[in-house]
Ligand SMILES: Nc1ncnc2c1ncn2[C@@H]1O[C@H](COP(=O)(O)OP(=O)(O)O)[C@@H](O)[C@H]1O
Ligand SMILES: [Mg+2]
């Protein structure tokens with residue numbers, strides 16, 4: 001599987017996050033838990049210190065006088081059970097719950113110690129406060145169950161998990177958006193390249209591409225330029241070769257025609273006819289190649305553009321093709337209305353000639369061919385319609401390619417006619433539509449030229 005840049009970026013961003021997130025969660029958990037636990041310990045310690053004020057030492061005797069209400073106050077807690085105990089220096093319990101009398105060792109006067117002890121099957125948190133009682137200090141012990149502390153733990157855990165979850169989700173979304181946004185220039189580049197046809201060698205236009213992409217765009221543009229230069233050389237060669245071929249082929253055409261007219265042995269007649277036919281085909285092919293080479297050189301053509309009426313182009317074709325159509329047994333008709341275009345008159349004539357020629361050749365004897373020019377909704381249209389066999393829907397795109405002939409093709413064409421039509425339409429910014437005529441069988445070719453609305457100033 002090909003590695004994807006998007007995937008790699010996401011892995012590089014998400015994997016460290018997966019490592020950092022638990023560490024951050026632990027730190028946050030600890031940071032939110034510790035102060036709360038310390039606070040609870042302090043409360044417990046404060047109680048022990050407060051209770052120690054009821055301890056009275058007079059000489060050898062030690063008294064602990066805490067009123068029942070005060071003890072009640074001390075023991076009141078909504079969540080935990082509270083215990084207290086006062087221990088004399090000799091280890092005797094003076095007051096409170098004897099269960100708290102666990103062996104804890106010496107404690108200094110005014111020292112406060114916190115410990116966890118399991119007493120009667122329950123874990124308690126205990127604060128032990130040392131009070132000066134002669135030589136060895138007395139001890140005030142306050143203990144409570146762990147419910148508050150457990151709540152604090154749960155609370156800290158929920159807070160931590162929630163904040164990590166929110167942080168994780170938002171940063172994942174932000175990363176996805178950022179990666180998508182960051183890769184958008186690449187996507188734009190891909191889109192621009194994907195819609196290109198093989199003959200579109202214009203420089204890429206990505207003004208907002210980031211500086212990292214610029215070298216790639218420059219390299220691609222340089223490549224396009226080199227390809228453009230190479231194809232210009234190729235076109236020039238093609239045009240030259242076709243041009244050079246035209247003269248000897250015209251001679252061959254005329255001479256073979258003359259030879260056919262001169263008295264000649266009967267046995268030679270088929271040979272002369274084949275020679276004449278082949279000379280005609282070769283001359284037509286050379287002519288088509290020349291037109292193709294000319295249609296290709298965009299810049300040169302645009303310089304020769306002027307306002308043309310398709311109606312005039314149609315009228316000229318009527319002159320050129322009427323007698324040929326009669327000879328071929330084809331009923332060629334014209335419905336010509338004014339249709340202005342800004343274009344190259346010679347190339348437009350060539351375009352129409354190719355369409356009429358195709359209709360005569362492929363629709364054949366007895367066919368009806370109609371040439372129309374008209375304006376419809378801001379477009380000038382040129383249409384050639386026949387009632388021949390038409391072209392299968394799945395072949396229509398393909399027959400526009402060079403040297404591509406249909407599966408039902410008749411005659412000895414070279415598959416260049418519709419490619420020439422397509423090229424000439426393209427340099428005029430016109431659309432080519434191959435469809436069937438309204439009445440059914442046949443082929444309708446429509447070339448739609450956009451009429452530019454003249455600006456008002
Ligand atoms: N008027 C038409 N009727 C039916 N098929 C056509 C017509 N025009 C073109 N085609 C089909 O399209 C193919 C390509 O046309 P074109 O490029 O002019 O080449 P060709 O040299 O074969 O005429 C033809 O081979 C033919 O199959
Ligand atoms: Mg043709």
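The values are calculated or read from the model by the stated rules, or taken from the named source; none is laboratory data. Bear in mind the structure is a predicted one, so any value in this text is a computation, not a measurement. In this analysis, Cβ positions are derived from the backbone assuming ideal geometry, glycine residues included, and neighbour counts consider all displayed protein chains.
Quick notes on this one:
- Residue in the range 422-437 that is within 16 Å of ligand 2 (Cβ to nearest atom) and without any contact (Cβ under 8 Å) to a residue 40 or more places away in the chain present: yes
- The range 117-141, residues that are closer than 16 Å to residue 37 by Cβ and touching a residue at least 24 places away in the same chain (Cβ under 8 Å): 124, 125, 126, 127
- One residue alone among 388, 411 is within 16 Å of ligand 2 (Cβ to nearest atom) and at positive phi, and that residue is 411.
- Any chance residue 238 is in a helix (DSSP H, G or I), modelled with pLDDT of 90 or more and in the same structural domain as residue 286 (by TED's automatic domain parsing): no
- Residue count for the range 125-142, restricted to those that are within 14 Å of residue 105 (Cβ to Cβ) and out of contact with any helix residue (DSSP H, G or I) (no Cβ under 8 Å at 6 or more places or on another chain): 4
- Taking first residues from the range 355-375 that are touching a residue at least 12 places away in the same chain (Cβ under 8 Å) and partners that are part of a helix (DSSP H, G or I) and within 9 Å of ligand 1 (Cβ to nearest atom), the Cβ contacts under 6 Å between residues at least 6 apart in sequence or on separate chains come to 358/417; 369/359.
- Per this entry, residue 429 is counted among residues that are under 19 Å from residue 295 (Cβ atoms) and out of contact with any helix residue (DSSP H, G or I) (no Cβ under 9 Å at 6 or more places or on another chain).
- If the condition is being assigned to a helix (DSSP H, G or I) and in contact with a helix residue (DSSP H, G or I) (Cβ under 8 Å, 6 or more places away or on another chain), then the range 194-216 contributes only 216.
- Here the condition is being modelled with pLDDT of 90 or more, within 14 Å of residue 143 (Cβ to Cβ), in contact with a helix residue (DSSP H, G or I) (Cβ under 9 Å, 6 or more places away or on another chain) and part of a helix (DSSP H, G or I); of 83, 47, it holds for 47 alone.
- Index of the failed condition, residue 192 passing every other in (1) modelled with pLDDT of 90 or more; (2) not assigned by TED's automatic domain parsing to the domain that holds residue 20: (1)
- Residue satisfying all of: in the range 106-124; part of a loop (DSSP other than H, G, I, E, B) and touching a strand residue (DSSP E or B) at 6+ places or on another chain (Cβ under 9 Å); surrounded by the most Cβ atoms within 10 Å (Cβ to Cβ) among these: 107
- Any hit, the range 5-27, residues being within 26 Å of residue 124 (Cα to Cα), at pLDDT 90 or above and in the same structural domain as residue 86 (by TED's automatic domain parsing): yes
- Only one entry of 89, 103 meets the criterion of being part of a loop (DSSP other than H, G, I, E, B) and either under 60 Å from the mean Cα position of the chain (by Cα) or touching a residue at least 40 places away in the same chain (Cβ under 8 Å) (or both), and that entry is 89.
- Flag if residue 344 is more than 7 Å from ligand 1 (Cβ to nearest atom), under 24 Å from residue 285 (Cα atoms), under 35 Å from the mean Cα position of the chain (by Cα) and in the same structural domain as residue 316 (by TED's automatic domain parsing): no
- Whenever a residue of the range 380-400 is in the same structural domain as residue 317 (by TED's automatic domain parsing) and over 19 Å from residue 440 (Cβ atoms), its partners that are assigned to a helix (DSSP H, G or I) and away from ligand 2 (no atom under 16 Å from the Cβ), lying with C-beta atoms within less than 6 angstrom and at least six residues away or across chains, give the pairs 380/310; 382/310.
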